[in-house]
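Asker: A single structure is presented below for examination.
The values are calculated or read from the model by the stated rules, or taken from the named source; none is laboratory data. Fair warning: this is a prediction, and the values are worked out from it, not measured in the lab. Cβ placement follows ideal geometry from the backbone for every residue including glycine, while neighbour counts extend to all protein chains displayed.
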Amino acid sequence: MASPSLMDNLFQRSLDDIIKGLRHQQSTESTFISKVIEEIRREIKTTDLQTKSTALQKLTYLNSIHYIDMKDLNSGNEFEVFVRKKAVGVVFRLFEKYPDAARVCFKRLVESLESSDSQILSSVVGVFCELASKDPRSYLPLAPEFYRILVGSRNNWVLIKVLKIFANLAPLEPRLAKRVVEPICDHLRKTGAKSMVFECIRTVATSFTEYESAVKLAAVKIREFLLEDDPNLKYLGLHGLSIMAPKHLWAVLENKDIVIQSLNDEDLNIKLESLCLVMAMVSESNVVEICRVLVNYALKSDLEFCNEILGSILSTCCQNVYEIITDFDWYVSLLGEMSRIPHCQKGEEIENQLIDIGMRVKDVRPELVRVGHHLLIDPALLGNPYLHRMLSAAAWVCGEYVEFSGNPVELLEALLQPRTSLLPSSIRTVYMQSAFKVLFFCVCTYIEQKEDMTLEVSDLTSKGECSESSDLASAKAPVECDQDEGFNPRNSSQSYERPFCC
């Protein structure tokens, strides 16, 4: 059976119906108006907002035409509360569009902070929460009123909004932060509402990071969230760690095991949040270990999360020109390993990094050519269109740095294999260019080797002739050494007498 509010909405007369009725019943207008007012009185008391809004429209019209006394409709202040709540919402929209209009009704808005009605107070605090997020300094003078609500209110929704306000105000005034931090910690210790606990954690993690005791208490509460079976609460715990991570990474490291285990959760939001936390832990000392763990998770993940993992690895490792990478041989090998993961769709990113690293790091070029060659001969990669750009980079590095290859002929065979016909023409063009580079290198190497062999033969021949001449010279040496300087062997008439030796 339909609810009363729904039935009221279905059979409720609209403003157009009222206007038409007034036009057709001019003789009995007062009776008609009385009947409409009775309807409005009933409609105002319903819980359906659409019914209330329509009733308010009709009442506004009747008041503008016939000056209806709205106090007649007041039933236990309910209508007044409803109107004031709507008015507060209108004031906020007015402030957004016309900031100068704030001076007209700002005083009445501030006075509403002392309202005993929780609905009105909630609306007013909500407005100040939005205003303070845009221009917090202008609302610092209202800190005492907000503090009174923080320590006195028992409405969790109101308290959450006040916490958001203090998160914006506290960084502007250190004395205010010192005064507010203890009441926030009291709420953190005593409240049983998870939404309130999380808002306290967020406030401490963003605006009260200098208060060690408050931060440690927030970290304890975060761990309680992480150990919950409810996936919503677990997600809030991971999100709380993400808020703390920039200034308090130790809180993430303390929960490292839980964070890594969450990569295997069924909930995608939990897995994404834990992945962000894992990447926040990456440093020069642990990048190899964390990347190994992430690649293992990528191998057994679905397509979407697999590529989230690979994208996170690639973006983190290349930050600040590969600041955390100390072993580029390992990283180039990792790029090749990631390319072979079945769900990999990060060909363009891997392409850019293979080429960039090759141009920046000379010592890694032999490993780069080795990895490139293995990628070129892997038949599974040719059928993945997302990896064609990566294959283009592999072909390019093999041609550009062919001198570091142990077997250029194998590179040439890989570049000219028939299966490359499966690739787009733009990729095959790179293959052909690289094949020409490798072929040119092979020809130049062959020519150089031939020249070297010719030189070696020439050197050997020269050495042989020199050796024979040396032997002849040594055979004639005893005779020549006895000849005196004036002897000419071409002159046969010249006489030579051996001197007498005593």
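Asker: Hey, can you tell me all the residues within segment 171-201 that are farther than 21 Å from Val220 by Cβ and of a type in the set (A, V, I, L, M)? Steps first, please.
Answerer: We begin by selecting, within segment 171-201, every residue farther than 21 Å from Val220 by Cβ; these are 171-176, 178-179.
Answer for segment 171-201, where residues must be farther than 21 Å from Val220 by Cβ and of a type in the set (A, V, I, L, M): Leu172, Leu176.
Asker: Looking at Val402, is it assigned by TED's automatic domain parsing to the domain that holds Thr445 and closer than 16 Å to Gly336 by Cβ?
Answerer: Working: assigned by TED's automatic domain parsing to the domain that holds Thr445: yes; closer than 16 Å to Gly336 by Cβ: no.
No; evaluated as a whole, the condition is false for this residue.
Asker: Mind counting the residues in segment 147-196 that are of a type outside the set (D, E, K, R), free of Cβ contacts under 8 Å to residues at least 24 places away in the same chain and part of a helix (DSSP H, G or I)?
Answerer: Keep residues of segment 147-196 that are of a type outside the set (D, E, K, R), which gives 147, 149-153, 155-160, 162-163, 165-172, 174, 176-177, 180-181, 183-185, 187-188, 191-193, 195-196.
If we keep only those that are free of Cβ contacts under 8 Å to residues at least 24 places away in the same chain too, we end up with 152, 174, 192.
Subsequent filtering for residues that are part of a helix (DSSP H, G or I) retains 152, 174.
Here the count works out to 2.
Asker: What number of residues within segment 167-182 satisfy the criterion of being surrounded by 16 or more Cβ atoms within 10 Å (Cβ to Cβ) and under 16 Å from Val215 (Cβ atoms)?
Answerer: Total meeting the criteria: 5.
Asker: Arg292: in contact (Cβ under 8 Å) with a residue 40 or more places away in the chain and out of contact with any Asp or Glu (no Cβ under 6 Å at 6 or more places or on another chain), yes or no?
Answerer: Working: in contact (Cβ under 8 Å) with a residue 40 or more places away in the chain: no; out of contact with any Asp or Glu (no Cβ under 6 Å at 6 or more places or on another chain): yes.
No, not satisfied.
Asker: Restricting attention to segment 302-341, report how many residues are over 21 Å from the mean Cα position of the chain (by Cα) and either of a type in the set (A, V, I, L, M, F, W, C) or closer than 22 Å to Lys362 by Cβ (or both).
Answerer: Total satisfying the criteria: 9.
Asker: Using beta carbons and a limit of 7 Å, which pairs, at least six apart or on different chains, have the first residue in segment 41-57 and at pLDDT below 80 and the second one basic (Lys, Arg)?
Answerer: Filtered contacts from segment 41-57: Ile44/Lys52; Thr46/Lys52.
Asker: Quick check on Ser458: is it at pLDDT below 95, surrounded by fewer than 14 Cβ atoms within 10 Å (Cβ to Cβ), in the same structural domain as Asn352 (by TED's automatic domain parsing) and farther than 19 Å from Ser333 by Cβ? Spell out the reasoning first.
Answerer: Working: at pLDDT below 95: yes; surrounded by fewer than 14 Cβ atoms within 10 Å (Cβ to Cβ): yes; in the same structural domain as Asn352 (by TED's automatic domain parsing): no; farther than 19 Å from Ser333 by Cβ: yes.
The answer is no for Ser458.
Asker: Please identify the pairs in which a residue from segment 442-459 that is under 23 Å from Phe404 (Cα atoms) has its Cβ atom under 8 Å from the Cβ atom of a residue that is modelled with pLDDT of 85 or more, counting only partners at least 6 apart or on another chain.
Answerer: Cys442/Pro408; Cys442/Val409; Cys442/Leu412; Thr445/Pro408
Asker: Of the residues that make up segment 325-334, is at least one farther than 29 Å from Leu416 by Cβ, of a type in the set (A, V, I, L, M) and free of Cβ contacts under 8 Å to residues at least 60 places away in the same chain?
Answerer: Yes, segment 325-334 has at least one match.
Asker: Could you list all residues from segment 322-358 that are of a type in the set (Val, Ile, Thr) and part of a helix (DSSP H, G or I)?
Answerer: As a first pass, look at segment 322-358 and keep what is of a type in the set (Val, Ile, Thr): 324-326, 332, 341, 350, 355, 357.
Matches in segment 322-358: Val332, Ile350, Ile355, Ile357.
Asker: If you don't mind, there's one more thing I want to ask. Filter segment 359-412 down to residues that are outside any helix (DSSP H, G or I) and closer than 19 Å to Phe436 by Cα and give me whichever is modelled with the lowest pLDDT.
Answerer: Of segment 359-412, the ones outside any helix (DSSP H, G or I) are 361, 377-378, 383-384, 401, 405-407.
When the remaining residues are screened for being closer than 19 Å to Phe436 by Cα, the result is 377, 401, 405-407.
Details: Ile377: 94, Tyr401: 96, Ser405: 91, Gly406: 88, Asn407: 91.
Checking each candidate, the answer is Gly406.
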